[in-house]
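The structure appears right after this line, and notes come after that.
Please treat every number below as a calculation from the coordinates, not as lab data. Here the structure is a predicted model, which means the values were calculated and not measured. All Cβ positions, glycine included, derive from the backbone under ideal geometry; neighbour counts span all protein chains shown.
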Amino acid sequence: MPSGKRQTILRGRLEGEVPPHFSERILSFDLAASQFYSELKARARVSGEAIGTADGYIAATAAANALVVASPLEAAGLKVINSWSR
């Protein structure tokens, strides 16, 4: 969206109205997540598997918070629920 009044209004509304609805459900990518991320990427590389950056961030954040990831990717020893397979 080009810069301008409409973009400023929409950005203000998004930043002011959306976060309060999700404040208890947003996990940060903190030091623990970054450590999981580096370990995940290293294990994936050694095993010959590729993990995209965004997928790695999601997986590392989940691992740092002792959560399970719902994903078809079972890379580098992550605990996942794969609802895409039978």
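Please turn the phi angles of the stretch 33-48 into ³J(HN,Hα) values with the Karplus equation 6.51 cos²θ - 1.76 cosθ + 1.60 (θ = phi - 60°), one per residue in order, whole Hz, x for glycine and proline.
5, 5, 5, 4, 4, 5, 5, 4, 5, 5, 5, 5, 5, 4, 7, x
If we sort 28-39, 6-17 on the protection proxy, mean other Cβ atoms within 10 Å, highest first, what's the order?
Ranking the peptides 28-39, 6-17 by packing returns 28-39, 6-17.
Extending each Cα 7 Å along its Cβ direction at ILE9 and ARG45, get the distance between those two points in nm, one decimal.
Calculated label separation equals 4.9 nm.
Compactness ratio of the stretch 5-81: Cα Rg over 2.2 N^0.38 Å, N = residue count?
Rg over 2.2 N^0.38 Å, computed on Cα atoms: 1.39.
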